[in-house]
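In what follows, a single structure is set out as structure tokens and then discussed.
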Amino acid sequence: MSWIKIKEDNNTQDQQRLMVKLAERVKVFKGFTTGELAELLCNAQKSIFATDASIIKEESACTHMYIILEGEVAVTKKVMKRKVELARLHVGDSFGEMSMVDNNLRSATVIALSPCVMLRIGSDLMNLRPETAMKFYRNITKILTDRLRKTSDQLVWRI
Amino acid sequence: MWTNIHDEFKSLEQQRLMTKLAGYVKALNGLTPAELAELLSHAQKCTFAVGATIIKEGSNCHHMYIIIEGEVVVSKKGAKGKAELARLKTADSFGEMALADRKFRCATVTALSPCILIRVGDEAMANRPETGMKIYRNISRVLSERLRVSSDQLAWRI
């Protein structure tokens, strides 16, 4: 597995097709213009994972966030010696936002359930224009809100 | 009754107090004094008595609240009636979720002591992308922290 820069990877037409697909299907890019997407993709890299490969590992220290371009992943967490599945994510979903924003260790493991094409974005977004950065962080806030609504719903029925 | 902070904020003393307090509020971390002043000029202040409901689960309002003074309890309807999810104190914030996604309130927040709160809506950030970026980044940190706790709790119960 190796990560390659998006900019060097595709020819212009492929790149444009990718952009349209991203803006339509990826929650974290919702409301982005093509220009804003291009800005963000300067920080992005792409990689392929085989089935069963672990993409992030619970308690490791890295701060990228990941976007699924193709494939399906499972999010799991260790409890004593058991592995508990928390969620399955698909094309257009993202994960790893938590460590990206708070710089803490990974709270869960993410494993490829099928061959996956992933995009990753680093936490250093200083080069973004404030308008783009605001949209990006607002989308991340919405994604985390959505997850917290689900988690607290599930939790409250088990307390 | 909510009153605009704008008027109070004109006094230098009040201004200093707010700036000092904001230093402890995670949601306002990293704002410059000018950004903070601008934000607070859109904010409103209110006092709540012990036992008063500040936000109600299922209701449709979208402010975020910051506790200036007092303590609140966050609870949610569950299998065995009302379950307590958290207690929050001075400089903590709540209501960020509905601010972000404009959906219904997912929990009830009740005053445990007399409380002074300020509330902010997202219109305060509409024309200020620098401020908006910082606040949403801060809020996503606050939510991450909460999500880490609640997914830990949940994983143990699955």
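The values are calculated or read from the model by the stated rules, or taken from the named source; none is laboratory data. As the structure is a prediction and not an experimental result, all values here were calculated from the model. Quick reminder, even Gly has a Cβ in these numbers, built from the backbone with ideal geometry, and neighbours come from all protein chains shown.
So A:Glu58 passes all but one of these: (1) within 14 Å of chain B (Cβ to nearest Cβ); (2) at positive phi; (3) among the acidic types (Asp, Glu). Which condition number does it fail?
(2)
Name the single residue, out of those in segment B:1-42 being assigned to a helix (DSSP H, G or I) and of a type in the set (D, E, K, R), that is farthest from A:Met134 (Cα to Cα).
Residues of segment B:1-42 assigned to a helix (DSSP H, G or I): B:5-8, B:12-22, B:26-28, B:33-40.
Add one more test, that the residue is of a type in the set (D, E, K, R), and what stays is B:7-8, B:13, B:16, B:20, B:26, B:35, B:38.
Values: B:Asp7: 29, B:Glu8: 29, B:Glu13: 32, B:Arg16: 28, B:Lys20: 25, B:Lys26: 17, B:Glu35: 15, B:Glu38: 17 Å.
Taking the candidates together, the pick is B:Glu13.
Out of segment A:123-145, which residues are more than 7 Å from chain B (Cβ to nearest Cβ), out of contact with any Ser or Thr (no Cβ under 8 Å at 6 or more places or on another chain) and not in a loop (DSSP other than H, G, I, E, B)?
A:Thr132, A:Lys135, A:Phe136, A:Asn139, listed by residue number.
Might you let me know whether segment A:87-100 holds any residue that is in a helix (DSSP H, G or I), within 11 Å of chain B (Cβ to nearest Cβ), closer than 18 Å to A:Leu41 by Cβ and out of contact with any His (no Cβ under 9 Å at 6 or more places or on another chain)?
Yes, segment A:87-100 has at least one match.
Report yes if some residue within segment B:66-80 is small (Gly, Ala, Ser) and either in contact with a His (Cβ under 9 Å, 6 or more places away or on another chain) or more than 14 Å from chain A (Cβ to nearest Cβ) (or both); otherwise report no.
Yes - at least one qualifying residue is present in segment B:66-80.
Of (1) without any contact (Cβ under 8 Å) to a residue 60 or more places away in the chain; (2) more than 21 Å from B:Arg146 (Cα to Cα); (3) more than 15 Å from the chain's Cα centre (by Cα); (4) surrounded by 17 or more Cβ atoms within 10 Å (Cβ to Cβ), A:Thr33 satisfies all except one. Which?
That leaves (4) as the condition not met.
Please specify each residue of segment A:121-142 satisfying the condition of being β-branched (Val, Ile, Thr) and either in contact with a strand residue (DSSP E or B) (Cβ under 6 Å, 6 or more places away or on another chain) or surrounded by 22 or more Cβ atoms within 10 Å (Cβ to Cβ) (or both).
A:Ile121, A:Ile140, A:Thr141
Out of all the residues in segment A:77-92, which are of a type outside the set (A, V, I, L, M) and surrounded by 19 or more Cβ atoms within 10 Å (Cβ to Cβ)?
Result: A:Lys77, single match.
Going by the conditions given, is B:Phe104 modelled with pLDDT of 95 or more and either surrounded by fewer than 18 Cβ atoms within 10 Å (Cβ to Cβ) or basic (Lys, Arg) (or both)?
On the way: modelled with pLDDT of 95 or more: yes; either surrounded by fewer than 18 Cβ atoms within 10 Å (Cβ to Cβ) or basic (Lys, Arg) (or both): yes.
When the stated conditions are applied, B:Phe104 passes them.
Which residue, of A:Thr63, A:Thr132, is among the polar types (S, T, N, Q) and more than 28 Å from B:Glu123 (Cβ to Cβ)?
Going through A:Thr63, A:Thr132 in turn, the sole match is A:Thr63.
For B:Thr47, indicate whether it is surrounded by 14 or more Cβ atoms within 10 Å (Cβ to Cβ), polar (S, T, N, Q), over 11 Å from the mean Cα position of the chain (by Cα) and within 14 Å of another protein chain (Cβ to nearest Cβ). Steps first, answer last, please.
Working: surrounded by 14 or more Cβ atoms within 10 Å (Cβ to Cβ): yes; polar (S, T, N, Q): yes; over 11 Å from the mean Cα position of the chain (by Cα): yes; within 14 Å of another protein chain (Cβ to nearest Cβ): no.
No, not satisfied.
Based on what the data block shows, is B:His42 surrounded by 17 or more Cβ atoms within 10 Å (Cβ to Cβ), modelled with pLDDT under 95 and out of contact with any Pro (no Cβ under 6 Å at 6 or more places or on another chain)?
For B:His42, the condition - surrounded by 17 or more Cβ atoms within 10 Å (Cβ to Cβ), modelled with pLDDT under 95 and out of contact with any Pro (no Cβ under 6 Å at 6 or more places or on another chain) - is met.
With the requirement that a residue be part of a loop (DSSP other than H, G, I, E, B) and modelled with pLDDT under 85, what does segment A:5-40 give you?
A:Asn10, A:Asn11
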